[in-house]
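Participant: Pasting in a structure now, in structure tokens, and then I'll have a few things to ask.
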Amino acid sequence: MNRLALILLSALWPAFSLAGNFSQRADVREFIAEMHEKHGFERTQLMRLFSHAQPQPKAIRAIMPPRDPSVRSWQTYRSRYVEPVRIEGGLRFWEQQREALEAAQSAYGVSQEIIVAIIGVETVYGRNTGRFPALATLATLAFDYPPRAGLFRNELEALLLLARESRRSPLGYLGSYAGALGIPQFLPSSVRNWGVDFDGDGRIDLAGSAADAVGSVANFLKSHGWEPEGPVAVPARVSGERYAELIEAGIAPRLTPAQMQEYGVTADDAPEAPCALIDLVTPGEPMEYWLGYRNFHALTRYNRSSFYAMAVYALSRELRMEREARLASR
């Protein structure tokens, strides 16, 4: 469903079927039967769980796209994350988790400042991990938010499997309005696929172990194409009209900077490696253009937004420069 359809849907959406608990609903009972058939869950056990899951209308309101997409502003978005609290907090986190960050860079090839920046953007280094009950939130989004019901139904399934594998109650997980969990805000499927026990205590604990969060972020990025010591992004300039074709082509790296010159795109000291043309809009200001390399694309697998990836990169650069300056002044 495209953005315009989502906006119209949010404007016209009637009252959701959010009364009572989920266990009495036919679609939930169908899901329970599916979980029994696919994974051997006991029907009565799942019925009891869903009887305790209360709908979360705030999650739907939070996840809906803005009614007016023109209000999107890169500079506003950047200022929300590249700011003193996250820089100072990031430097403290870097020092506190220095050994884990060094080990993660060695094991996965992901730059330490990138790992720190992601955790800073996601939860301010574990300060804001979310208070939404994950089971009820994912059920709400799976059964009462049609635009992304398939995604959240899969994540609800993953949460139940994760809880069983971890020998925890699904009711005990708290997270964001989208069901993301812990210090790095992994969705349940990401915890199962890329979470690692990086502190060696025998369990993956993304809510309580900063080391596990560090290792898991690095593992995720490596698994999604991060190239050790590879470029992330460089500023670019455009001229003519053909560059619009590159914007339309999307953010997957395909052409080298030399090839992009045919489309009116130039950049100083740009590494000759596959990249994409990224546009960052700020109302009332000139469009900002960057070349996004494979590592930029890997960041968008964490959150599929060019604003997000560029904010992580910008924060990582600030953290690296400030840390090096302070170390040099000692």
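The values are calculated or read from the model by the stated rules, or taken from the named source; none is laboratory data. As the structure is a computational prediction, the values presented were derived from the model and not from experiment. All Cβ positions, glycine included, derive from the backbone under ideal geometry; neighbour counts span all protein chains shown.
Participant: If you go through region 296-330, how many residues are surrounded by fewer than 23 Cβ atoms within 10 Å (Cβ to Cβ) and closer than 22 Å to Arg98 by Cα?
Facilitator: Final tally of qualifying residues: 15.
Participant: How many residues, within region 120-147, are within 20 Å of Tyr308 (Cβ to Cβ), part of a helix (DSSP H, G or I) and modelled with pLDDT of 95 or more?
Facilitator: Within region 120-147, residues that are within 20 Å of Tyr308 (Cβ to Cβ), part of a helix (DSSP H, G or I) and modelled with pLDDT of 95 or more number 5.
Participant: Six or more apart or on different chains, Cβ under 7 Å: which pairs go from a residue in region 21-41 that's within 18 Å of Gly150 (Cβ to Cβ) to one that's acidic (Asp, Glu) and assigned to a helix (DSSP H, G or I)? Could you list them?
Facilitator: That search, which allows pairs on different chains as well, returns Met35/Glu157.
Participant: List the helices (runs of 4 or more DSSP H) inside region 198-276, counting only whole elements, that have at least 3 residues being surrounded by fewer than 17 Cβ atoms within 10 Å (Cβ to Cβ).
Facilitator: Working: elements: 210-223, 243-249, 257-260.
Helices (runs of 4 or more DSSP H) meeting the threshold: 243-249.
Participant: Right, something else. Which number in (1) under 21 Å from the mean Cα position of the chain (by Cα); (2) not in a helix (DSSP H, G or I) marks the one condition that Gly89 misses?
Facilitator: Here Gly89 clears every test but (2).
Participant: Then there's this: Among residues belonging to region 82-139 that are touching a residue at least 12 places away in the same chain (Cβ under 8 Å) and of a type in the set (S, T, N, Q), point out the one that is surrounded by the most Cβ atoms within 10 Å (Cβ to Cβ).
Facilitator: It comes out as Thr137.
Participant: Still on this structure, please answer the following. Conditions: (1) surrounded by fewer than 18 Cβ atoms within 10 Å (Cβ to Cβ); (2) modelled with pLDDT of 95 or more. Arg72 meets all but one. Number of the miss?
Facilitator: Single failed check for Arg72: (2).
Participant: Do we find a residue being under 24 Å from Glu30 (Cα atoms), among the hydroxyl-bearing types (Ser, Thr, Tyr) and part of a helix (DSSP H, G or I) anywhere in region 183-195?
Facilitator: yes
Participant: Something else: Would you mind stating whether Arg330 is in a loop (DSSP other than H, G, I, E, B), within 30 Å of Glu95 (Cα to Cα), within 21 Å of the chain's Cα centre (by Cα) and not β-branched (Val, Ile, Thr)?
Facilitator: Values: in a loop (DSSP other than H, G, I, E, B): yes; within 30 Å of Glu95 (Cα to Cα): yes; within 21 Å of the chain's Cα centre (by Cα): no; not β-branched (Val, Ile, Thr): yes.
No; evaluated as a whole, the condition is false for this residue.
Participant: Going through region 52-81 one residue at a time, which ones are closer than 25 Å to Leu156 by Cα, touching a residue at least 40 places away in the same chain (Cβ under 8 Å) and part of a helix (DSSP H, G or I)?
Facilitator: Pro57, Lys58, Ala59, Ile60, Ala62, Ile63
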